[in-house]
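One structure below.
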Amino acid sequence: MLLLGFVGSGLQVAAASSKRAEWPAGTPRPNLTGFWKTDCHYGFGVKIEPAGGDLYSLSFCGPGGCFAPGTWTPNSPIFGDKSYGVIDADTIQLPFGDDFRTYRRYASQAAEPGEAAKDTASNESTGESASGVHFKAYYEGLPDLDKVPPFAAQTTEQANALHLLIEREKGSTASCARQSSPVPGTLEICGQGLASARQMLKAAAHGLPAGRFSRIWLVDLNGDRERELLGQYDVAAKPQEDRYTAFFAFQWNTGRYRVTAASWFLEGALLAVRSFGSTRAKKAFLRFESCTECEPWVYLTVVDFTVPPIGAGYEFGYDLQHPQERHPEIEYVLPGMGHSIDAKVETRVPVQPDLAGPHLLQHFAVVDGEDEWWSFTCKGLQCDPEMSKGNAPVRLLEQWKKAVKL
């Protein structure tokens, strides 16, 4: 399934074509380096750059910047590749579902990440393009918590105090936060216990941006009957004041806490903690959005906080032709509206995972098209897809009925 990134609300995407243009044999081939759009007013497009030999990298770019070369789609010569068409030196076709979309070159040199979503006539100081579209600098200024772990300098006294609180705290199966749902698989710390935990964590943390631990849970992640603490830390990043979230897991380890961080997630939330994949450790399902100034994609990512030293994330592939292309995101809600395929997505996981898989099941109820049934089987952290169109295979349907909805 090919999705075309983060676009602004209300934009219409150029009409698709089912016929691919073929470049005439023996005709000189133009250099395709540059920034390409379906319309000059759109705040998104595709950056094409040389990738060695006769190959190009193609990177989707949106308000938050661009995919790294080679990660959005495999490098390609474009000319002669049946996935692409070249109409003329400044007009190409890129795949869209089973058809093609026409893109035109709007800059002869590809812009740098973070700049590529702007028109060539953009005002660099305001982030506003000549068309009047404003582009946010998502994730700007947030620290890398892997490089500077904020709880590395915790003292023995701080660790012991937190350990005692975790042992004594009962926790609640209900949510302590207003207008928030309880997180399956956890006990949430509320009331005075939450206030005490916040105070302890604030005293032990160094280098976190201004924010707060909004929610804190207790959960036995590794099955050793020793409860871990899992905290959600929210930051309102300026100047846009969007909410970004980091998640911290505190695991007792010979007299102190080993702290694993997962960060940062735009409008992030903990959706569930449950068994997943080919190991018995419980995994955290984190929910986040692609943007806040458009109709967002909503994604899930799955994190194993028990893997030292910094945890580990699962990766999923939706490209059946290139199964080695995997990313941390699970497609959870699609905006449709011309920004992606128009489909309602339901995601399920087995109640008791079979180590042999499948470990994740998805149903895409496609508007004006055949339904898609996806299953993912994980070997280690790499999750490979299978897909059927129309009616689900009998075996998959039986697995679907026994699975629980995320």
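The values are calculated or read from the model by the stated rules, or taken from the named source; none is laboratory data. Note that the structure is a prediction, hence the values are computed from the model and not measured. No Cβ is skipped: glycine too gets one built from the backbone with ideal geometry, and neighbour counts run over all protein chains shown.
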Practice problem: Kindly indicate whether K344 is touching a Ser or Thr at 6+ places or on another chain (Cβ under 7 Å) and not small (G, A, S). | Solution: no
Quiz item: Any idea how many residues of the range 161-217 are of a type in the set (S, T, Y), under 23 Å from the mean Cα position of the chain (by Cα) and either farther than 14 Å from Q232 by Cα or outside the structural domain of D242 (by TED's automatic domain parsing) (or both)?
Solution: 1
Quiz item: How many residues are part of a strand (DSSP E or B) and within 25 Å of the chain's Cα centre (by Cα) when one looks only at the range 86-99?
Solution: 3
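Quick check on the range 367-391: of everything there that is among the hydrophobic types (A, V, I, L, M, F, W, C) and buried (at least 19 other Cβ atoms within 10 Å of the Cβ), which residue is nearest to H322 (Cα to Cα)? Give the steps one after another, and end with the answer.
If we filter the range 367-391 for residues that are among the hydrophobic types (A, V, I, L, M, F, W, C), which is where we start, we get 367, 373-374, 376, 378, 381, 383, 387.
Of the ones still in play, those that are also buried (at least 19 other Cβ atoms within 10 Å of the Cβ) are 373-374, 376, 378, 383.
Details: W373: 18, W374: 15, F376: 15, C378: 16, C383: 13 Å.
For the range 367-391, the residue satisfying everything is C383.
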Exercise. Considering only the range 11-28, state which residues are in a loop (DSSP other than H, G, I, E, B) and either touching a strand residue (DSSP E or B) at 6+ places or on another chain (Cβ under 8 Å) or at pLDDT below 60 (or both).
Key: L11, Q12, V13, A14, A15, S18, K19, R20, A21, E22, W23
Exercise. Scan (1) modelled with pLDDT of 90 or more; (2) touching a strand residue (DSSP E or B) at 6+ places or on another chain (Cβ under 7 Å); (3) farther than 30 Å from S83 by Cα for the single condition E398 breaks and write down its number.
Key: (2)
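For the range 362-379, what are the residues that are in a loop (DSSP other than H, G, I, E, B) and either among the hydrophobic types (A, V, I, L, M, F, W, C) or modelled with pLDDT of 90 or more (or both)? Walk me through it before giving the result.
Within the range 362-379, the subset in a loop (DSSP other than H, G, I, E, B) is 367-371.
Residues satisfying the conditions are V367, E370, D371.
Within the range 380-400, how many residues turn out to be assigned to a loop (DSSP other than H, G, I, E, B), among the hydrophobic types (A, V, I, L, M, F, W, C) and touching a residue at least 40 places away in the same chain (Cβ under 8 Å)?
Within the range 380-400, the first condition is being assigned to a loop (DSSP other than H, G, I, E, B), and the residues that meet it are 380-381, 390-393.
If we keep only those that are among the hydrophobic types (A, V, I, L, M, F, W, C) too, we end up with 381, 392.
Narrowing further to those that are touching a residue at least 40 places away in the same chain (Cβ under 8 Å): 381.
The total comes to 1.
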Quiz prompt | Which listed residue, of F213, F135, is modelled with pLDDT under 90 and crowded, with 19+ Cβ neighbours inside 10 Å | solution = F135
Practice problem: Say whether the condition of being loosely packed, with under 15 Cβ neighbours inside 10 Å, touching a helix residue (DSSP H, G or I) at 6+ places or on another chain (Cβ under 8 Å) and on the phi > 0 side of the Ramachandran plot is met by at least one residue in the range 245-259. | Solution: yes
Quiz item: Quick one: L334 ticks every box in (1) modelled with pLDDT under 90; (2) on the phi > 0 side of the Ramachandran plot bar one, so which box is it?
Solution: (2)
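Let's see how each residue does on (1) at pLDDT below 95; (2) surrounded by 15 or more Cβ atoms within 10 Å (Cβ to Cβ):
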| residue | (1), (2) |
| --- | --- |
| R326 | yes, yes |
| T347 | no, yes |
| P350 | yes, yes |
| L360 | no, yes |
| K402 | yes, no |
Practice problem: Taking L58 as meeting all but one of (1) hydrophobic (A, V, I, L, M, F, W, C); (2) over 30 Å from L266 (Cα atoms); (3) modelled with pLDDT of 90 or more, write down the number of the exception. | Solution: (2)
Self-check item: Criterion violated by D342 - all others in (1) in contact with a strand residue (DSSP E or B) (Cβ under 8 Å, 6 or more places away or on another chain); (2) closer than 18 Å to S275 by Cα satisfied
Solution: (2)
